[in-house]
1. Mind jotting down the three principal axis lengths of chain B based on Cα atoms? Whole angstrom, largest first.
2. Find the Cα radius of gyration of segment B:1-48, compare it with 2.2 N^0.38 Å by division, and give the number to two decimals.
3. If you bin the C-alpha pair distances of segment B:122-204 every 5 Å from 0, what whole percents do you get?
4. Express the Stokes-Einstein translational diffusion coefficient of segment B:6-121 in µm² s⁻¹, to the nearest whole number, given a Kirkwood radius over alpha-carbon pairs, 25 °C and a viscosity of 0.890 mPa s.
5. Place a +1 charge on the Cβ of each Lys and Arg in chain B and a -1 charge on the Cβ of each Asp and Glu, then give the dipole magnitude about the Cα centre in debye, rounded to the nearest 20.
6. Which lysines, on any chain, are close to B:K35 with Cα under 29 Å apart, when same-chain ones fewer than 8 places away are left out?
7. Counting only trypsin sites (Lys or Arg not before Pro) that are in a DSSP loop and have at most 15 other C-beta atoms within 10 Å, tell me the longest site-free stretch of chain B.
8. Which one of B:D177, B:D91, B:D50 has the biggest mean-square fluctuation once chain B is modelled by GNM with Cα springs under 10 Å?
Amino acid sequence: GSPVHSKDEL
Amino acid sequence: MNVFRLTGDLSHLAAIIILLLKIWKSRSCAGISGKSQILFAVVFTTRYLDLLTSFISLYNTSMKLIYIGCAYATVYLIYMKFRATYDGNHDSFRVEFLVVPVGGLAVLINHNFSLMEILWTFSIYLESVAILPQLFMISKTGEAETITTHYLFCLGLYRALYLLNWIWRYYFEGFLDMIAILAGLVQTILYCDFFYLYVTKVLKGKKLSLPA
């Protein structure tokens with residue numbers, strides 16, 4: 001499935 | 001990237017730099033909780049392991065490296081270079097009471113049961129409470145240097161701005177990460193009492209001291 005959160009945030 | 005996210009990151013960066021400069025210029029880490037700083041170093045290390053596996057942007061990579069580098073530099077200054085000025089007696093918060101439950105919670109409640117994901121979740125949960133040793137230290141000594149309160153204000157403001165960022169992202173991108181949002185909410189709430197003192201005392205030119 002698609003990630004529910006993205007790791008672009010710090 | 002929106003304005004709340006960017007100002008949040010810059011506020012976070014400002015906090016980190018303020019603390020480093022305060023210690024470096026005064027050649028002293030008096031009033032600073034080394035335990036909170038170790039926790040932040042652990043937070044950045046466990047969260048940014050994806051530096052090794054994926055590239056997101058130059059901004060993302062550079063900020064992560066700066067945060068990690070500054071966190072370890074701060075810990076080095078406190079425990080090595082200026083350790084004689086470290087106020088260990090007042091830095092008596094028991095961090096195992098934070099790390100153990102947070103570790104358990106990360107294993108139980110996460111987006112995906114994999115090592116990287118559990119460590120990421122652990123870092124999110126740990127960050128939300130990592131400031132407690134510092135706040136505990138201030139409540140114990142009953143005061144904080146003004147520069148230390150500027151550090152705390154920027155650090156608290158950062159997560160509050162991230163909350164606005166998540167509201168923005170929910171409305172405009174349909175993005176919703178409940179783990180980050182709930183932990184960020186807890187983190188921000190922990191600063192509320194301090195925000196109040198900062199606005200009512202420090203901004204009016206008074207030193208932050210708590211009633212005995």
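1. Cα spread of chain B along its principal axes, largest to smallest: 46, 35, 33 Å.
2. That ratio works out to 1.35.
3. 3, 14, 24, 22, 16, 11, 7, 4, 1, 0
4. Translational diffusion coefficient: 156 µm²/s.
5. It works out to roughly 720 debye.
6. B:K35 reaches A:K7, B:K22, B:K25, B:K64, B:K81, B:K140, B:K201, B:K206, B:K207.
7. Answer from the scan: B:95-205.
8. Residue with maximal mean-square fluctuation among B:D177, B:D91, B:D50: B:D177.
Computed from the coordinates by the stated procedures, all read-outs in this text should not be read as laboratory data. All of these numbers come straight from a predicted model, not from anything done at the bench. With ideal geometry, Cβ positions are generated from the backbone for all residues, glycine too; neighbour counts draw on all protein chains shown.
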